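Student: My questions all concern the structure below.
Just so it is clear, none of the values below were taken in a lab; they were calculated from the coordinates. Everything numeric in this text was worked out from a predicted model, so none of it was measured. Positions of Cβ are generated from backbone atoms using ideal geometry, with glycine treated the same way; all protein chains shown enter the neighbour counts.
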Amino acid sequence: MGGWRDMSAEALEDQYSPSRWSPRLDRDTIIDAHLAVTAAGTERARACAQTSLHVPYGDGDGEKLDIYFPTDPSGTFPVLVYIHGGYWQCLSKDSSGFAAPPLVSQGVAVVAVGYDIAPKGHMDSMVLQVRRSLVFLVEQYPRIRGIYLCGHSAGAHLAAMVLSTDWTEFQVVPDIKGAVLVSGVYDLEPILPTYVNDALNMSREVAQRNSPIRHVTPAGPAACEVLVAVAQHDSPEFRRQSLVLVLTWLYPSDCWCSPGCILY
Ligand SMILES: N[C@@H](CC(=O)c1ccccc1NC=O)C(=O)O
C-alpha cells in the first residue's frame, strides 16, 4: 500500500501545503485571506473586550500572551487558550484573538499564546513554552476554573502535545476540561523531507519525540473531551493524520503508526 513513505518529496510537499488544496482561492491568495480575516477579527476582539496584552509568562522574547477578559469580571471563569498555527515558523498571537467576541460576552476568557517560532525557536522549546504558558495562567489567575484548548494546524499539534504532558515535571496540573484540534499534524516525520523542515531543521529523533501519536504516556492524554476536526478540503495526508491521532488515543495499545499498519 502506498503510504507517505512511498511518496516523493514533491508529493509530500503537496500533501503538507494546505494552501494548495483550496477549491476557491489560489495558494497565495488564500494565505493572505487567512491573515486578513484573523487580523480583522483580532482587531474587533480588542475593541470589544477588556484585555491584557503582551503579558510575559517567561523570560524569552516570544513568551508572551494576550488575555481577553469576560465582559462580567466577577467570580470565576473558564478560559479558552488558543494556539496559533503557521507551521511553527510564521503567524503570531497578535492576530489570534479573533475567537474572543462571542466567548467573552458569555463569561469565558480567551488567551492567545505566543511562542518563539523557528528559526529562533526549536520544536522542543515551542512545546515547552506552550506547556509553561498554562502553568503561568493557573498560577497567576486563580479565578480561572477550567481550561479549554484550541489549536489550528501547527497550533493543533502544540495543543496535542500539551494534552500529552506528564505534569509531574511541573509545579501544577492545569485543569484541562476540553480541546478542539483543527487540521493538525500529529506525526512530524512525513514533513522532514519537505520545505517545512528548512526552518525547523528537525532530526528524525526530534520529530518522533514531538509527535503526539508516538507520545502516548501510560496515563494517556489528558482525560477530557477532545474534538479532532479536519476541513472538507484538507489533503488526504492531513485527514489521515487526524484519524491516526483519534485511533491512537482511543486504542493506545493497538499499532497505528508503524510500517505495516493499515493507516501508515
Ligand atoms: N506553507 C504552508 C502554509 C501553512 O501551512 C499555513 C499557513 C497559515 C496558517 C497555518 C498554516 N499551516 C499550519 O500551521 C502552505 O503553503 O500551505
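Student: Take the eigenvalues of the Cα gyration tensor for the range 4-250, scale each by 5, and report the square roots as semi-axes in whole Å, largest first.
Tutor: On the way: eigenvalues 160, 91, 54 Å².
Calculated on Cα positions only, the semi-axes equal 28, 21, 16 Å.
Student: Also, I was wondering about something else. Rounded to the nearest 5, what % of the DSSP beta bridges within the chain are antiparallel ones? All intermediate terms of the calculation are to be shown ahead of the outcome.
Tutor: Details: 8 of 30 bridges.
Given both bridge residues lie in the chain, the antiparallel proportion sits at roughly 25 percent.
Student: Would you mind putting 146-158, 88-100 in packing order, based on average other-beta-carbon counts within 10 Å, highest first?
Tutor: Values: 146-158: 24.5, 88-100: 21.5.
Packing order, densest peptide first, comes out as 146-158, 88-100.
Student: Hey, can you grab everything whose amide H is under 5 Å from the amide H of residue 83? Only 5+ residues off in sequence or another chain; H modelled, so Pro and N-termini drop out.
Tutor: Correct list: 150, 151, 152.
Student: Mind running the shape call on the range 31-118? Use the C-alpha gyration tensor, a ≥ b ≥ c as the square roots of the eigenvalues: rounded below 1.5 for a/c, prolate if a/b tops b/c, oblate otherwise.
Tutor: Here the range 31-118 falls in the oblate category.
Student: Could the peptides 223-232, 116-125, 68-77 be put in order, highest first, of the mean number of other beta-carbon atoms found within 10 Å of their residues? Working shown, then result.
Tutor: Working: 223-232: 13.5, 116-125: 17.3, 68-77: 15.6.
Ranked by mean Cβ neighbours within 10 Å, highest first: 116-125, 68-77, 223-232.
Student: Using only Cα atoms, find the angle between the long axis of helix 236-250 and the longest principal axis of the chain, and express it within 0 to 90 degrees, rounded to the nearest 10.
Tutor: It is inclined by approximately 70 degrees.
Student: Ok, one more. Ranked from highest to lowest mean number of other Cβ atoms within 10 Å per residue, what is the order of the peptides 14-23, 179-188?
Tutor: Values: 14-23: 16.2, 179-188: 23.6.
Highest mean packing first, the order is 179-188, 14-23.
Student: Just from its helices, what would the mean residue ellipticity at 222 nm be for the chain, if runs of 4 or more DSSP H residues each count -39500 (n - 2.57) and the sum is divided by every residue, rounded to the nearest 500 deg cm²/dmol?
Tutor: So the helix-based figure for the chain works out to -10000 deg cm²/dmol.
Student: Can you give me the C-alpha center-to-center distance between the range 96-160 and the range 173-244, rounded to a whole angstrom?
Tutor: Comparing the Cα centres of the range 96-160 and the range 173-244, I get a distance of 16 Å.
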